[in-house]
Amino acid sequence: MYASHDKLVIFDADGTLIDAFDAIAQTFRLRGMDIGDLARFQKRRNLFKYFGGLKEFPKNLVRQSTPQQRKELINTLTEVYRDSAQLYPGVAALLQQALDTPGLRVGMVTRNITHQPEYTLQRLFARHGVALEQLDFLACIPLKMEKTWHFRRAREDLGINPSRVWVCGDEHKDYQAALAAGLNPVIVSYGFEDYQRLHRKYAIPDEQIVRSPAQLCARMSHTLELPSMVRLELEIDSLGLLNSAV
């Protein structure tokens, strides 16, 4: 029925593997603005995420009001991503082990607004010892574009059974896109949307929500049967991080 017996994992980057909030906060500081704290950021609707809360909104709005200011903001964000943005703890090892595992295909579909986003991500991951050229596919899509088509196209091109495909993202739209493509979603609550928003507002089952980077590493290493990640899981567990919420 299917051309391949391989498994496939599709990662989102921003907010799932990359600490995007920290990069955005750093960018705002460099431009004389304040994005606020992570908890409030996660609760804002997309239109207002990048204007801060009531306290930060007036100053942020003034500093993003002209096309030139917005251009300079993206320029700074691009520099931050390329030179100093960080991956969440443990995910570089998880990603590299997945890339090195026979019979496992690895791809990335993510929304990223930096300049030349593929190059930006290559620079960022290279600083953490991961060469994105090893991916089976990398798609950087506009903020408003849905991911369903990309998920379905990647799976079909590789000839993989949809039951053997997992999608790791950080927004309810990632969950919905994975289901629409017939795939298995795993959604993190430490990125762009928090646990309450994902679980209560969008009815994502608790069993499909991962609450910390450590839990993501443990969950996916078990799901994808990555044997050399067992030691990392034990080290994480010894620190008491597997059940920590972020």
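The values are calculated or read from the model by the stated rules, or taken from the named source; none is laboratory data. This structure is a prediction, so every number in the text was calculated from the model and none was measured. FYI the Cβ positions are ideal-geometry reconstructions off the backbone, even for glycines, and counts take in every protein chain you see. Protein only, heavy atoms only, side chains kept; ligands, DNA and RNA dropped before computing areas. Shrake-Rupley method; radii C 1.70, N 1.55, O 1.52, S 1.80 Å.
Sorting the segments 205-212, 137-144, 77-84 by their mean number of nearby beta carbons within 10 angstrom, highest to lowest, gives 77-84, 205-212, 137-144. The residues packed around Ala85, meaning those with a beta-carbon under 13 Å from its beta-carbon, carry a net charge of -2 if Lys and Arg are +1 and Asp and Glu are -1. Projected label points at Arg29 and Ser84, each 7 Å from Cα along the beta carbon direction, are separated by 0.7 nanometres. The fraction of Cα-Cα pairs per 10 angstrom bin, counted from 0 for the range 70-129, comes to 20, 48, 25, 7, 1 percent, rounded to whole percents. For the residues His5, His115, a 1.4 Å probe over the protein chains yields an accessible-area ranking, largest first, of His5, His115. The residues neighbouring Gln116, those whose beta-carbon lies less than 11 Å from its own, together hold a net charge of +1 under the Lys/Arg +1, Asp/Glu -1 convention. Largest accessible area first, the listed residues Lys7, Lys173 line up as Lys173, Lys7 when surface is computed with a 1.4 Å probe on the assembled protein chains. Debye calculation, C-alpha points only, no solvent: report log10 I(q)/I(0) for the range 83-166 at q = 0.22 Å⁻¹, in the same order as the q values. Those come out to -1.22, one per q. Taking Lys and Arg as +1 and Asp and Glu as -1, the other residues whose beta-carbon sits under 9 Å from that of Leu8 total +2. Note that the range 169-185 has calculated 3J(HN,Hα) couplings of x, 9, 9, 4, 5, 5, 4, 5, 5, 5, 4, 5, 8, x, 10, 9, x Hz, one per residue in order, obtained from phi through the Karplus relation 6.51 cos²θ - 1.76 cosθ + 1.60 (θ = phi - 60°); glycine and proline are x. Spin-label model, Ile141/Ala3: points 7 Å from Cα along the beta carbon direction are separated by 2.1 nm. On the principal axes of its alpha-carbon atoms, the range 52-210 has extents of 50, 37, 28 Å, going from largest to smallest.
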